[in-house]
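Enquirer: Would you mind keeping the following structure in view while I ask a few things?
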Amino acid sequence: MKLTTRLEERLGISLIYICVSVVVVLIFVMIVLLFKMSFISMSKFGLNFITSTTWNPVEEQFGALPFIYGTILTSILSLTIALPFGILSAIFVTELGPKRLRNILGTSIDLIAAIPSIVFGMWGLFYLVPFIRDTLTPILTKFLGFLPLFQGSSFGISILAATLILSIMIIPTISSLCREIFLSVPVTYKEAALALGATPWEKIKFAVLKPSLTGIVGAAGLALARALGETMAVVMVIGNSPQISLSLLAPGATMASILANEYAEATTDLHLASLCYMASLLFIITMIVNSASHFIIKYFKPKAFAR
Amino acid sequence: MNITLKIPNTIIAMLKLTLTLTIVLTYSLTINPLMGQTVAINGAGATFPYPIYIKWFSEYQKEVSNVKFNYQPMGSSGGVRQLFSQTIDFAASDVPVSVEEIKSKKLEWNILQIPTVLGSVVIVYNLNEKNVKLDGNTLSNIFKGKIKKWDDQLIASLNPGIKLPNKEILVVHRSDGSGTTEIFTNYLSMVSIDWKSSPGSGKALSWPTGIGAKGNDGISAMIKQTPGSIGYVEYAFAVNNNLSMVALKNSSGKFVTPSINAMVKAASELKNVSQISQIDIQNLDANKMNILNISGDESYPITSFTYILIPNKKQNEKIEHLKKFIRWALDNKGQKMTNALSYAPLPEELRKKFIDSI
Amino acid sequence: MYLRKIKNIIFWCLVVGFTLSTFVPLFLILKHTITMGWSELSLDFIFNTPRAVGELGGGMSHAIVGSLMIIFVATIISVPVGIVTGTFLSEFSNSRLASITRTFIGILAGTPSIVIGIFAYVTLVVPWKSFSGWAGSLALSLVILPIVTRSTEEVLKLVPTTIREAGLALGFTKVKIFYYLLIKGNKRAILTGVILAISRSMGETAPLLFTAFGNVYLSYNLNGPISSLPVQIFNYASSPHLEWQRQAWTGAVVLIIIIFAVNIVSKIFVSNSSNASNR
């Protein structure tokens, strides 16, 4: 059966457009629905919701600031920690490591993504939390205690625990995408660098990293999005304390964690609506973060080797 | 290579895909009739009674094999909300739903709330010293952060024979909303006016101090790992994790260590406090079923019932099956299975009353 | 001269160090999970349905079947849509529709899985007054979709324009370029994103709690409540009974094994076919 080229072109393009439109409509409906569900809370609290630090379900006073703080702090910190691990391990697997081990190493790092988030949560509670409390905290307070970041007593359940678990969880996202990106850099770039007498470091810096910069930012964006929305693992180790504290050793809360913790048992309509308001705010924050990363890509593009 | 030859391959691939999808769909849509006469009944609600309900369902199926009960522990409020939205057939809640709330939903039918088993919230702690005693006021002060160390005068005065260490108290509370929290804070609000004014009681609240752990299992894990910590969990968690329990002072002035017997004694006092015959199953008044801080020398003060909620729809096959099941569960046989799983059976008069009323 | 050499050595050390360190948490978590879950792992576990506390021989066969069914449907729905959308974003990237799609996909990528679950609940459960496997699949599709789309877009952006120009020179229509050169030609790269997405969604609990709900019995019926491994693990792990907690860990081991298997099998499957780009 042979379709005429024109027909095939039209049919195919229409199908593609339909597909994309369905996606857009579906997501749009989701956003609108959540805004609608948060109406009661929006009309009661308005923009004060964003600046208020009280979260009192009994007295029905709700404010999202501690959660916004927690979300942004854990996400950005975990991305900062995970980036070097992700990028450097991708470099090892694609450039520096032994060729035969390439596939095995790559797959092994991807296996971290295969671990369910609930297992991360349980491991975090039984293993990481005591580790932070008994081993890590004394070291941190001893050497870095002058920083407000590491002051105060610690019981393991803390922003630090959530950050560490998040960074472990997003490493495979960064690593596997970076691997694909590095592999797609034309060999000619690397050959040119070697021809000019570059050391392995310089070859990688100029011929692999520079051209892939936009791709790396894209991978980082995806990883950051995951960190912003991760629920289950964070919930078990962060303590859900609606407080803003400078110390990483104190418990905290993220928007995703309070949603998971309180949605099922929210009794009043205002409580539910406030949780949905929080979800809507998270949409906006995600959008801002995404725009920021696009802005970075646009800014770096002239400097990078264009394709 | 002639590209046009490849188009049939694509079409074949798409045909394969559609065929698979159709098979999956038809299989899935037609599978139910194969089950024949089985009635599937779905319920959701509190995590507290999950083990005993599963046990009951499994035993009940041996007698009545054509009914399958499915229960998922998503939380008391969640279960109640699902019941109102009619996505499930029955709900389970640690705290009864108020009559006003049921009326506000303007449902076409009434909701029956039937107590099934007894449980209690116990105070657990991690110290070398056993049998620490506390009373309601001191407990409230500890959880408000007003008492910061174990050897504080207020605690020591209740524990004359024990030398308490000069350790900081770490309060561990729930990070998630929970019926257990509601029962615990209801008790604290009863015994301490200070607590009642702030933070008050509810499934989730603004805790004055301490860290939050998710679930009874989270609190148990934290207490186990952290010397000097104190928290509240359901009785079964304390027993199964070998956690030290506080002997709490009841309203008769006696310090009672939690046990199944103590729960039974607390529930049996109900007949002295409310007229059991006057309890209206169709419009359950929570106050009439409240056994928190109840009188009696051997009563454990934080004991409470857990309820199954059934929509009282007329001439509905599933509701009839449910009622039959509950009569079976409230029966002696069903109630005898409670002890092994760390629950306490209902007191005799209450049991009979509810079996008759359904 | 020496400075360059030293920089090189430092770089080498950093790369090796960081790479080895990434394996540390993987090793620790696997060790912990297997140690806790090994005792209950048996054929009983894989083929039996759950039993009450105190009875022997319970298993999670219902959860295994449920998970596989839900993921299968979710993959069929979301992966083709995701790949097509991702390709669209990289090819028509300057159009209005592309910018809007990119924004929305970005928002979806950052949405907590519980919010996706709430959305699926409100749209597919409440109107039909029934929990269903289909709602669970929809929720998981929404988890998979942004990851597949974004990674496909990233990967295709790196394909040199010469490939597309060659297609045009051969007289391909846009659709043919889409399908043969871009998608089929970069199978391995796109598959990386797909596997990442599927691995993640198989381990998600929150979207399934309010949609597929969960079932005590083995069911092949997606029209009603159906069990899944993450939900069953979650229920058991939160219970006070030690044998159920052990079974939760065993369930975790089984889940990890299944996801590993999917990972490895698909990698073998795709690397057997040819790739049309410069690898």
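The values are calculated or read from the model by the stated rules, or taken from the named source; none is laboratory data. Note that the coordinates shown come from a computational prediction; the quantities given were computed from them, not determined experimentally. Neighbour counts are summed over all protein chains in view; Cβ atoms, including those assigned to glycine, are modelled from backbone coordinates with ideal geometry. Just the protein is used for accessible areas: all its heavy atoms, side chains included, with ligands, DNA and RNA removed. Shrake-Rupley method; radii C 1.70, N 1.55, O 1.52, S 1.80 Å.
Enquirer: Using only helices, what value at 222 nm comes out for chain C when you add -39,500 (n - 2.57) per DSSP H run of length 4 or more and divide by the total residues, to the nearest 500 deg cm²/dmol?
Expert: -22500 deg cm²/dmol
Enquirer: In whole Å, how far is the Cα centre of region C:230-259 from that of region A:67-92?
Expert: Cα centroid to Cα centroid, the span is 29 Å.
Enquirer: Continuing with this model, one more query. Net charge within 10 Å of B:Glu168 by Cβ-Cβ distance, Lys/Arg positive one each and Asp/Glu negative one each, not counting B:Glu168 itself?
Expert: Overall, the nearby charge balance is +3.
Enquirer: Continuing with this model, one more query. So how far, in whole Å, is the C-alpha centre of region B:93-164 from the one of region C:133-196?
Expert: Distance between centres, Cα-based: 56 Å.
Enquirer: Determine by what factor the alpha-carbon radius of gyration of region B:239-292 differs from 2.2 N^0.38 Å, reporting the quotient.
Expert: Dividing the Cα radius of gyration by 2.2 N^0.38 Å gives 1.42.
Enquirer: Using a Förster radius of 25 Å, what is the FRET efficiency between C:Leu43 and B:Ile23 based on their Cβ-Cβ separation? Nearest 0.05, please.
Expert: 0.35
Enquirer: I've got another one for you. Toward the positive end of the charge dipole of the protein assembly as shown, about the Cα centre and with charges on Cβ (Lys, Arg +1; Asp, Glu -1), which of B:Ile260, B:Ser342, B:Leu17 goes farthest?
Expert: Working it through, the farthest residue towards the positive pole turns out to be B:Leu17.
Enquirer: Ordered by residue, what ³J(HN,Hα) values in Hz, to whole numbers, does region C:110-124 give under the Karplus form 6.51 cos²θ - 1.76 cosθ + 1.60, where θ = phi - 60° and Gly and Pro are x?
Expert: Result, rounded to whole Hz: x, 6, x, 4, 6, 5, 4, x, 4, 4, 4, 4, 5, 8, 10.
Enquirer: Could I ask something else about it? Do any trypsin sites (Lys or Arg not before Pro) in region C:66-149 lie in a loop, going by DSSP, with at most 14 other beta-carbon atoms within 10 Å of their beta carbon, and if so which?
Expert: C:Lys129
Enquirer: Continuing with the same structure: Once you keep just the Cα pairs under 8 angstrom separated by 6 or more residues, what percentage relative contact order results for region B:121-267?
Expert: The value is 36 percent.
Enquirer: May I ask which of B:Lys68/B:Lys333; B:Lys144/B:Lys288; A:Lys99/A:Lys190; A:Lys298/C:Lys7 have a Cα-Cα span longer than 22 Å here?
Expert: B:Lys144/B:Lys288; A:Lys298/C:Lys7
Enquirer: Sticking with this one: Let me know the charge dipole size of region C:31-278 about its Cα centre in debye, to the nearest 20, where only the beta-carbon of Lys, Arg (+1) and Asp, Glu (-1) is charged.
Expert: Computed about the Cα centre, the dipole is about 760 debye.
Enquirer: Can you tell me how much longer the chain between A:Ile139 and A:Leu246 gets when fully stretched, taken as 0.36 nm per residue apart minus their C-alpha distance, in nm with one decimal?
Expert: Difference between extended and current length: 36.7 nm.
Enquirer: Specify which residue in the list C:Ile10, C:Met69, C:Ile264 is farthest towards the positive end of the charge dipole of the protein assembly as shown, using unit charges on the beta carbon of Lys, Arg (+1) and Asp, Glu (-1), about the Cα centre.
Expert: Of C:Ile10, C:Met69, C:Ile264, it is C:Ile10.
Enquirer: For region B:204-245, state which residues have at least 50 Å² less accessible area in the presence of all protein chains than in their chain by itself, taking the probe as 1.4 Å and leaving out ligands, DNA and RNA.
Expert: Residues losing area: B:Ala204, B:Ser206, B:Ile211, B:Lys214, B:Asp217, B:Met222, B:Gln225, B:Phe237, B:Asn240.
Enquirer: Shielding by partners for B:322-328, please: the mean number of other protein chain Cβ atoms within 10 Å of each residue's Cβ.
Expert: Taking all residues of B:322-328 together, the mean is 0.
Enquirer: Which longest uninterrupted range of chain A lacks any GluC sites (Glu not before Pro) assigned by DSSP to a loop state (not H, G, I, E or B) and surrounded by at most 15 other Cβ atoms within 10 Å?
Expert: A:61-307
Enquirer: Treat every Asp and Glu Cβ in chain B as -1 and every Lys and Arg Cβ as +1, leave all other atoms uncharged, and give the resulting dipole magnitude about the Cα centre to the nearest 20 debye.
Expert: Result for chain B is approximately 520 debye, rounded to the nearest 20.
Enquirer: Sticking with this one: What order, most packed first, do the peptides B:189-202, A:214-227 have when packing is the mean number of other Cβ atoms within 10 Å of each residue?
Expert: Descending mean neighbour count gives A:214-227, B:189-202.
Enquirer: Something else now. Accessible area per residue for region C:94-159 in Å², computed with a 1.4 Å probe and the full protein assembly in place, what is it?
Expert: 26 Å²
Enquirer: Shape call for region C:32-75 from the C-alpha gyration tensor, a ≥ b ≥ c root eigenvalues: rounded (a/c under 1.5), prolate (a/b greater than b/c) or oblate?
Expert: oblate
Enquirer: Go through B:Lys214/C:Lys129; A:Lys205/C:Lys5; B:Lys271/B:Lys336; B:Lys323/B:Lys353; B:Lys203/B:Lys224 and tell me which ones have a Cα-Cα distance over 18 Å in this structure.
Expert: B:Lys214/C:Lys129; B:Lys271/B:Lys336; B:Lys203/B:Lys224
Enquirer: Let me ask another. Using only Cα atoms and rounding to the nearest 10 degrees, what angle (0 to 90) does helix A:210-229 make with the longest principal axis of chain A?
Expert: 30 degrees
Enquirer: Nearest 100 Å², what total accessible surface is buried between chain A and chain C (probe 1.4 Å)?
Expert: Separately minus together, A and C give about 8200 Å² buried.
Enquirer: Same structure, new question: Kindly list the residues of region A:236-270 that lie in the label zone of A:Ile76, defined by a backbone N under 13 Å from the point 7 Å along the Cα-to-C-beta vector.
Expert: none
Enquirer: If each DSSP helix of 4+ residues adds -39,500 (n - 2.57) and the sum is divided by the residues in chain B, what number results at 222 nm, nearest 500 deg cm²/dmol?
Expert: -12500 deg cm²/dmol
Enquirer: For B:82-90, what's the mean count of beta carbons from other chains sitting within 10 Å of each residue's beta carbon?
Expert: Neighbouring Cβ atoms belonging to other protein chains average 3 per residue here.
Enquirer: Mind checking which of B:Asn241, B:Tyr187, B:His173 is farthest towards the positive end of region B:121-267's charge dipole, using Cβ charges of +1 (Lys, Arg) and -1 (Asp, Glu) about the Cα centre?
Expert: B:Tyr187
Enquirer: Pop a pseudo-label 7 angstrom from the Cα along the beta-carbon direction at both B:Asn332 and B:Asp151 and give the gap in nm to one decimal.
Expert: Taking the two extended label points, one gets 5.5 nm.
Enquirer: Net charge within 13 Å of B:Asn42 by Cβ-Cβ distance, Lys/Arg positive one each and Asp/Glu negative one each, not counting B:Asn42 itself?
Expert: That works out to +2.
Enquirer: Still on this structure: Give the shape of chain A as rounded, prolate or oblate, defined through the alpha-carbon gyration tensor: a ≥ b ≥ c are the square roots of its eigenvalues, a/c under 1.5 means rounded, and otherwise the shape is prolate if a/b is larger than b/c and oblate if not.
Expert: oblate
Enquirer: How many nm separate the modelled label positions at B:Lys313 and C:Lys5, each set 7 Å beyond the Cα in the direction of the Cβ?
Expert: Here the answer is 8.4 nm between the modelled labels.
Enquirer: Okay, moving on. For the pair C:Thr161 and C:Leu97, what calculated FRET efficiency results from E = 1/(1 + (r/R0)^6), where r is the Cβ-Cβ distance and R0 = 35 Å, to the nearest 0.05?
Expert: So, using R0 = 35 Å, E works out to roughly 0.95.
Enquirer: Mind listing, in residue-number order, the residues in region B:145-191 that have at least 30 Å² less accessible area with every protein chain present than in their own chain alone (1.4 Å probe)?
Expert: Those residues are B:Leu170, B:Ser175, B:Gly177.
Enquirer: Give me the number: length gained by fully extending B:Asn131 to B:Asn261, i.e. 0.36 nm times residue separation minus the C-alpha to C-alpha distance, one decimal in nm.
Expert: Length difference between fully extended and current span is 45.1 nm.
Enquirer: Rounding to the nearest 20 debye, state how big the charge dipole of chain A is about its Cα centre with +1 on each Lys and Arg Cβ and -1 on each Asp and Glu Cβ.
Expert: Dipole magnitude for chain A comes out near 1320 debye.
Enquirer: Another question, if that's okay. For peptide A:144-157, what's the mean number of Cβ atoms from other chains within 10 Å of each residue's Cβ?
Expert: The per-residue average across the peptide is 2.
Enquirer: Compute the helix-to-body angle for C:96-109: its Cα long axis versus the longest principal axis of chain C, expressed 0 to 90° and rounded to tens.
Expert: 30 degrees
Enquirer: A further question on this structure: At q = 0.14, 0.17 Å⁻¹, what base-10 log of I(q)/I(0) does the Debye formula yield for region C:31-278 when every alpha carbon is treated as an equal point scatterer in vacuo?
Expert: Evaluating at q = 0.14, 0.17 Å⁻¹ gives log10 I(q)/I(0) of -0.94, -1.19.
Enquirer: Further question: With heavy atoms of protein chains only and a 1.4 Å probe, what residues of region C:26-42 have at least 20 Å² less accessible area in the full set of chains than alone?
Expert: C:Leu26, C:Leu28, C:Ile29, C:His32
Enquirer: Would you please give the FRET efficiency between A:Arg100 and C:Trp128, computed as 1/(1 + (r/R0)^6) with r the Cβ-Cβ distance and R0 = 51 Å, to the nearest 0.05?
Expert: Efficiency, rounded to the nearest 0.05: 0.45.
Enquirer: Let me ask you something else. Can you work out the base-10 log of I(q)/I(0) for chain B at q = 0.07, 0.11 1/Å, using the Debye formula on its C-alpha atoms alone?
Expert: The Cα Debye sum returns log10 ratios of -0.37, -0.77.
Enquirer: While we're looking at this one, here's another question. Could you work out [θ]222 nm for chain A from helices alone, using -39500 (n - 2.57) per DSSP H run of at least four and dividing by all its residues? Round to the nearest 500 deg cm²/dmol.
Expert: Here the helix-only value at 222 nm equals -21500 deg cm²/dmol.
Enquirer: Could you tally the net charge around B:Leu243, taking each other residue with its Cβ under 15 Å from the Cβ of B:Leu243, Lys/Arg +1 and Asp/Glu -1?
Expert: Counting the neighbours of B:Leu243, the net charge comes to -1.
Enquirer: Another question, then. How long, wide and thick is region B:121-267, going by the Cα atoms along their three principal axes, in whole angstroms, largest first?
Expert: Principal extents (largest minus smallest coordinate, Cα): 37, 33, 33 Å.
Enquirer: Which peptide among B:244-254, C:212-222, A:21-31 comes first, and what is the full order, when sorted by highest mean count of other Cβ atoms within 10 Å?
Expert: Ranked by mean Cβ neighbours within 10 Å, highest first: C:212-222, B:244-254, A:21-31.
Enquirer: Round to a whole number: what % of the accessible area of the protein assembly as shown belongs to carbon and sulfur, probe 1.4 Å?
Expert: Percent of accessible area from carbon and sulfur atoms in the protein assembly as shown: 63.
Enquirer: Please state the shape class of the protein assembly as shown: rounded when a/c is under 1.5, otherwise prolate if a/b exceeds b/c and oblate if not, all from the C-alpha gyration tensor.
Expert: Since a/c reaches 1.5 and a/b is larger than b/c, the shape of the protein assembly as shown is classed as prolate.
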